[in-house]
Amino acid sequence: MTGTHWNQMLRDQFTWHWRHQLRERLQGMNDDEYFWEPVPGCWSLRARGTGDAPIQAGAGALTIEFAFPPPDPAPVTTIAWRLGHVIVGVLAMRSASHFGRAPVDYDSFEYATTAEQALAQLDEEIETWLRGVESLGEEGLGRPCGEVEGPFAEDPLSRLVLHIHRELIHHLSEVCLLRDLYLHTQGDQGNTKGA
């Protein structure tokens, strides 16, 4: 279509949800929520050497737990884990591969020890990603993703952008649901602590 600005439309796909729904729902998250384990056996971010998942990755005081391949069914994950996954695996690694962000992976990343730090990391990585997508312009959206995307190497970058935005909406919506569950089971309304 003449006059259609696909780059802006692709960014709008995520930014509308981010600015009008998601980011406000994350505001005010505390450390208890961030690390809350709604069921036994959750994967989370844990102090180095204290986790029992097959893989524990990270460069700082905390490591993220996972397994490859993941077990079936996979463990429930905490807000801290989900934010770590979004910040590193969904955003930072892709920005490093495609937009010149400093290289990073699950092993080299220093995971946030507080909810406030995690939200600051999330804000920064989302801005980096969106600036990167914008830098593609219209023509760049049609470029192949390249070898870094493995079996999707020949797919256009527009497909990667759609995929990342779906991942962001999906995982951050899960974080919002966990916040709701925390509020109604552990918060002031339904406080069961110490009972």
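Only the coordinates and a few stated rules stand behind these numbers; no lab work does. Just so we're clear, the structure is a prediction, and the values are computed from it rather than from any experiment. A quick note on method: Cβ atoms are made from the backbone with ideal geometry, for glycine too, and the neighbour counts reach across all protein chains shown.
Counting every Cα pair in the chain, what percent are over 21 Å apart?
Here the long-distance tail beyond 21 Å is 55 percent of all Cα pairs in the chain.
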- Note on the structure: Sequence order, region 101-114: Karplus ³J(HN,Hα) from phi using 6.51 cos²θ - 1.76 cosθ + 1.60, θ = phi - 60°, Hz rounded, Gly and Pro as x, gives 5, 4, x, 7, 8, 4, 6, 8, 7, 9, 6, 5, 8, 9
- Query: Given labels modelled 7 Å from the Cα in the Cβ direction, how far is it in nm from residue 169 to residue 32?
  - Reply: 3.4
- Task: Using only the alpha-carbon atoms of region 101-195, report the extent along each of the three principal axes, biggest first, to the nearest angstrom.
- Result: 59, 24, 24
- If each of residue 177 and residue 13 carries a label point 7 Å out from its Cα toward its Cβ, how far apart are those two points in nm? 2.1
- In vacuo Debye sum over C-alpha of region 57-132, base-10 log of normalised intensity I(q)/I(0) at q = 0.18, 0.23, 0.26 Å⁻¹, listed in q order, is -0.72, -1.08, -1.26
- Task: Take region 1-87, drop everything but the C-alpha atoms, weight them equally and run the Debye formula without solvent; then report log10 I(q)/I(0) at 0.23, 0.25 Å⁻¹ to two decimals.
- Result: -1.11, -1.21
- Per residue of region 129-136, in order, report the coupling 6.51 cos²θ - 1.76 cosθ + 1.60 (Karplus, θ = phi - 60°) as ³J(HN,Hα) in whole Hz, putting x for Gly and Pro. 4, 5, 4, x, 4, 4, 5, 5
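Where does region 54-97 land on the Kirkwood hydrodynamic radius, alpha-carbon pairs, in angstrom? Let's see the in-between values first.
On the way: mean 1/r = 0.0872 Å⁻¹.
Hydrodynamic radius (Kirkwood, Cα only) of region 54-97 equals 11.5 Å.
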- With each run of n ≥ 4 DSSP H residues scored as -39500 (n - 2.57), what mean residue ellipticity at 222 nm is computed for the chain after dividing by its residue count and rounding to the nearest 500 deg cm²/dmol? -13500 deg cm²/dmol
- ³J(HN,Hα) across region 162-169 via Karplus (A = 6.51, B = -1.76, C = 1.60, θ = phi - 60°), whole Hz, x for Gly/Pro? 4, 4, 4, 5, 5, 4, 5, 4
- Message: Going 7 Å from the Cα of residue 134 along its beta-carbon direction, which residues of region 79-114 have the amide nitrogen within less than 20 Å of the resulting point?
- Response: 91-102
- Item | Additional length obtainable on full extension of the chain from residue 25 to residue 147, 0.36 nm per residue less Cα span | 40.3 nm
